[in-house]
Amino acid sequence: MIIRSLELANFRKFREPLRIDGFTDGLNVVVEPNETGKSTLLEALRAAFFIRHSAKTELVRSYVPIGDDVAPRVAVEFTLRGQPWSVEKQFMKSTSVRLTGNGSRKESDAAEEALQELLGFERGNNRGSDPETRGPLGMLWVEQMSALAVESPNRIVRDTVRGVLEAEVGAVTGGRRFDAIRSNVEAAYGALRTPATGKSRGELAAAEARLASATDARQRAEAVFREYEQALGDLENARARLRIVERDLADPETVEERRRLEADQKLAETASLRVATAEAQHGRAEELAKAAASRLERLDVAETRKATAAQTVETARAAKSEAQVAVDAAAAGEGLQRSALDVARTELRAKEKALSEARDRARRFAAAAGARRAIDARQTLSELEAREHLLKDESALALPDGTLDELLRLERNELAALARFEAGSVKVEVELAGAAELRVDGQPSDATSVDVLTATRFQIGDAGSVTVRPPQGSGRSMEADLAAAREELKGRLEALGVTSHAAAIARDERASSAKRELVTLRAQIAAACPGDPTIGLAPGADALRAFAADVGESVDISEPPDDDLNAKEDAVTKAKLAEVAASATHDDGRTALAKAESVLAAATADLSAATREDEAAKSNLLTVLGDSDRADLESAALELQRDRAAKLDLRDQAREGAKAFDLDAIKRRLDNMDRAATRAGQERLDLTGRIASLEATVQREGKAGPAGQVAEAREEEIAATAARDRLRQEADTLELLRRTLGEAADGASRTFLAPVTRRAARYVERLLPGCGLSFDEGLGLTGVTRAGVDESCGDLSRGTQEQLAILTRLAFADLLLEDGAPISLILDDPLVYSDDARLETMTEILQEAAQRMQVILLTCRTKAFRHVDGNRITLA
C-alpha cells in the first residue's frame, strides 16, 4: 500500500485546508518542530480509514478545532496492488464518506464496508482504542511512545500470520475458545458500555457527558490565551531551533569527531599499506625459496637469477630516486599550504574581532533602548495602578452575602403591612370652602386626607360635625405594624447607606463589575511588566519600579550604530570558509606528503631486498660453481624456506592489524557528517526567514490581555475526569478477558514460533549480534538471550525495547507481504532513546525496508535524521 497524498481541513489545529503531496514508494521523512501537527497527520490517516463517518464519540469530537463549530474533513489518495484509490470523510456535520477506485464509487455504509474489506480490518468501537480490529495497518502505524514497549500483534495480524505459516509448519489453530472469550467479554462489558458499538451507557455516559461539557468550558476559557501566545511561542521555538542549528554547525564534538575519523582513516590507509608491503615481502621470500629449490636442478637457473637480481637492483635504485624527488616536491607543497593556512587564520581572527566589536555596540544600544522602554512602561504602570486603587474602593462597596435578600424581605414586609393597614382603615378626604376650620376629635387639623382606624369625629367650623366609624376588627395595631415595618426598613437602608432595595442592587452590581474589571486590570498590569533580559529586568511590577527608580526619568539613547552586522557576519563566514578550504588543502598536502613518504619507504625496502637478493644470487652461484656438495645447497634452500615462513607470519600480523579499522565505514560516517552540515546550513536559511515573518506578526498583533474563569473551569474538568475515571475503572472487567485468554491459549500456536523467530532474528542480529529471541503463544516477543543469560523485555532499557519493537514489526510486515496484505510503515517520533551507533544501524535497516514497502518517518529531531537519504516532506 502506498499513500500518495493527504488533505485535511477543520481537523484539530489545522483549521485552514492543508494538502500534502509528494509521498513516494520508499522512505519519506517529515522533519518538523514540536506542536506543528505531525502526530495530527497520523491521527487524520487513522480517522480516514478506521473511524466511521457517522460516529459521534469523544474521539471524533476531539477532531473539531477548539472553540469552533465546524465539520472536520479528511481525504487520502493511495495505491493498493497497483490500483489507485481515494477515500474522503467528513465528520460531525453533514457526515459523508466516499470511496473511489477500480472504476467504481461507493458512499455511506457501503463505502465503509468496502474499505474494511479492501484493507483487511474490522469495525471497531470508534473510540480509537481498539487495536485488535485494525489489522496490519493498525500494527504498523505507530504513534508517539507506542513503540517503547514490545507488544503482541493484534488478532487479525496473528490470524493472517498463522495462515501464511500454516503451509510451512503444517498446523491450524481453532477458534472455538476465542468465540467463548468474546462472549464472556460482552457479558462483563455490557453493564456500563453497549456491546455492539462500545458506546457508554448509564452512569458512565453521564460522567463522560459531564466531562465533555467541562472540557468544552475549559477550552473556551483557554482559547483567548492562545493566539498571541502561539505567535510568541512559535517565534521563541524558531529562535531556539536557529540557535540549535547554529550550535550544531559549530559543535566542537562534531569537529572533534571529524578529526578523530580523519585520523582513523589515515591509520586505516597506513595499515592497508603495511599489509600490501608485507604481502610483497612475503611474495619475494616465496620466490627466493622457489629459486633456491630450482638451483638444485639447473645451474643455468642460478646464472639467470644473478643477472635478474642485478637488473632488479638497478630498477629499485631508480624507483627510489623517483620516490625521493616526489617526497621533496610534496614537502615543498605542504610548506606553501601551511603558509596559506596561517594567512587565512589571521584574516579570520581579524574579521571575528570586528564582528565582536560591532555586536558590543549593538548590545549597548539595545540596553539603552530597553531602559527607555522600561521608563515608558513604568508610566503606563502608574496609570493602571491608579485605576486599580479606584476599582478597589468601588469593589469594597459590595454588600455582604444575603443583604439583598434581607432588604427584599423588609421591603415586602412594609408592603404587606401597608396592604393590611389600607384594608382595615377608612380614608377620609376633606375639601374646605372659604375659611372654615377643621377639627378632628376636637383638635385643629389642616390635613386633606385622614386614615380612620377608630370612631372619629370631624367638625367643620360651625356648620356641624360628622362621626366616622370604621369596620369592626380594625385598630391601632395595624398602624403600629406599618410604622414598625417602615422603621426597620429605613434603619437597615440608612445602615447600608442606600435609599432603597433597587439602589442596593445597583450598588452591588457596580461593586461586582469593579471586582471583575479589577481582575482584568491586574492581568493587564502583569502583562505590562513582562521583563527584559537584555537589560537584566525581571518580570513583575516591583522589578519595573525598582529599575525605573535606579535609572531615573531620562535615558540618553545615542544614535543606533551603523554597523552592518549581516555584512560582518558574512565576512566572518567567508573567512571561515576560506580558513576551512585552506585547512583542507593543507590536510591534503600532508596526506600527499605521507603517501610520498610511504612510496619512498617501499622503494627503499625494495632496493634493500633487491640488493640482498643480488648478493644472495652471487653467493649462491659461487657456491654452485665452487662446491658441488648437494648438502650445502639443500641447507641454503632450507634457510630460505624459513625466511619465507617468517615473512608469512609478518603478513598475517599486518592483516590482523588492518582488521581493527573499517575504512569503508569511516568514509560513510564522514559522508553522513558532510550531508548533515549541508542540510543544517539550508535549515538555518529557512529558520531566518521564518523568524522574520513571526516577528512581523507579533509586532502587528500587539499586546493582548487574557481573561476568563480558566481556574474554575479546570477544577470542574479535574472533578469530572476523576468521576469518569472512577466509573471506567469499575467498567474495566477485562481482567476476565485476560484470565479467559490464559485458559484458551494453552497449546494454541507454539508451532509458529520457530518461523517467526527466524525472520525476526535476521534484523536483531545486526543490532545485537549473537542475541537469541523468545516469543509467547500470542506471537509477542517476551525476552532475549545474550551470552547464555535470559533477559525479559521489561528488564531491557527503553531504547532497546523501542528498537526491538520496531524490528519485530518489520518481521511481521515481511510475513504479511508474502500474503499480499496492505503494508505501510509509519513511525511517529521514533528511536528517541537510541545512541548514535544504534540509531545509524536502525536507519540503515529502515532504508533497506523502504525498498520493499513505503516507510514514513515523522520526527522533530533534525540532527538525528539529517544523514538519512529519503524523500523529505514539509508541512508549509
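The values are calculated or read from the model by the stated rules, or taken from the named source; none is laboratory data. Only a predicted model underlies this, so the values are computations on that prediction, with no experimental measurement involved. All Cβ positions, even for glycine, are placed from backbone atoms using ideal geometry, and neighbour counts span all protein chains on display.
A few comments on the model shown:
- Restricting Q90, Q83 to residues that are in contact with a Ser or Thr (Cβ under 6 Å, 6 or more places away or on another chain) and closer than 20 Å to S5 by Cα narrows the list to Q90.
- Of the residues making up segment 229-261, those that are assigned to a helix (DSSP H, G or I), without any contact (Cβ under 8 Å) to a residue 12 or more places away in the chain and more than 30 Å from P530 (Cβ to Cβ) number 6.
- For L235, the criteria (1) under 26 Å from R15 (Cα atoms); (2) more than 29 Å from the chain's Cα centre (by Cα); (3) modelled with pLDDT under 80 hold in every case but one, which is (2).
- Residue in segment 82-89 that is surrounded by fewer than 16 Cβ atoms within 10 Å (Cβ to Cβ), within 32 Å of the chain's Cα centre (by Cα) and part of a loop (DSSP other than H, G, I, E, B) present: no
- A578 being at pLDDT 80 or above and either crowded, with 16+ Cβ neighbours inside 10 Å or closer than 22 Å to D674 by Cα (or both): yes
- Of all residues assigned to segment 815-824, none qualifies as being of a type in the set (V, I, T) and surrounded by fewer than 19 Cβ atoms within 10 Å (Cβ to Cβ).
- Filter result (surrounded by 15 or more Cβ atoms within 10 Å (Cβ to Cβ) and charged (D, E, K, R)) within segment 489-503: R492
- Verdict on S54 being under 26 Å from A813 (Cβ atoms) and polar (S, T, N, Q): no
- Residue that is modelled with the lowest pLDDT [pool: residues in segment 463-517 that are among the β-branched types (V, I, T) and not in a helix (DSSP H, G or I)]: V468
- Segment 1-45: number of residues that are in contact with a strand residue (DSSP E or B) (Cβ under 7 Å, 6 or more places away or on another chain) and outside any loop (DSSP other than H, G, I, E, B): 25
- Test: residue in segment 33-54 that is at pLDDT 90 or above, more than 28 Å from V855 (Cβ to Cβ) and small (G, A, S): no
- For R274: the one exception among (1) surrounded by 15 or more Cβ atoms within 10 Å (Cβ to Cβ); (2) closer than 30 Å to T573 by Cα; (3) modelled with pLDDT under 80: (2)
- Failed criterion for A805 (all others in (1) assigned to a helix (DSSP H, G or I); (2) crowded, with 21+ Cβ neighbours inside 10 Å; (3) modelled with pLDDT of 80 or more hold): (2)
- Segment 454-469 residues that are in the same structural domain as L432 (by TED's automatic domain parsing), paired with ones that are of a type in the set (D, E) and in a loop (DSSP other than H, G, I, E, B) (beta carbon under 7 Å, 6 or more apart): T456/D441; R457/D441; G461/E437
- Members of segment 530-542 that are closer than 15 Å to E385 by Cβ and modelled with pLDDT of 75 or more: G540
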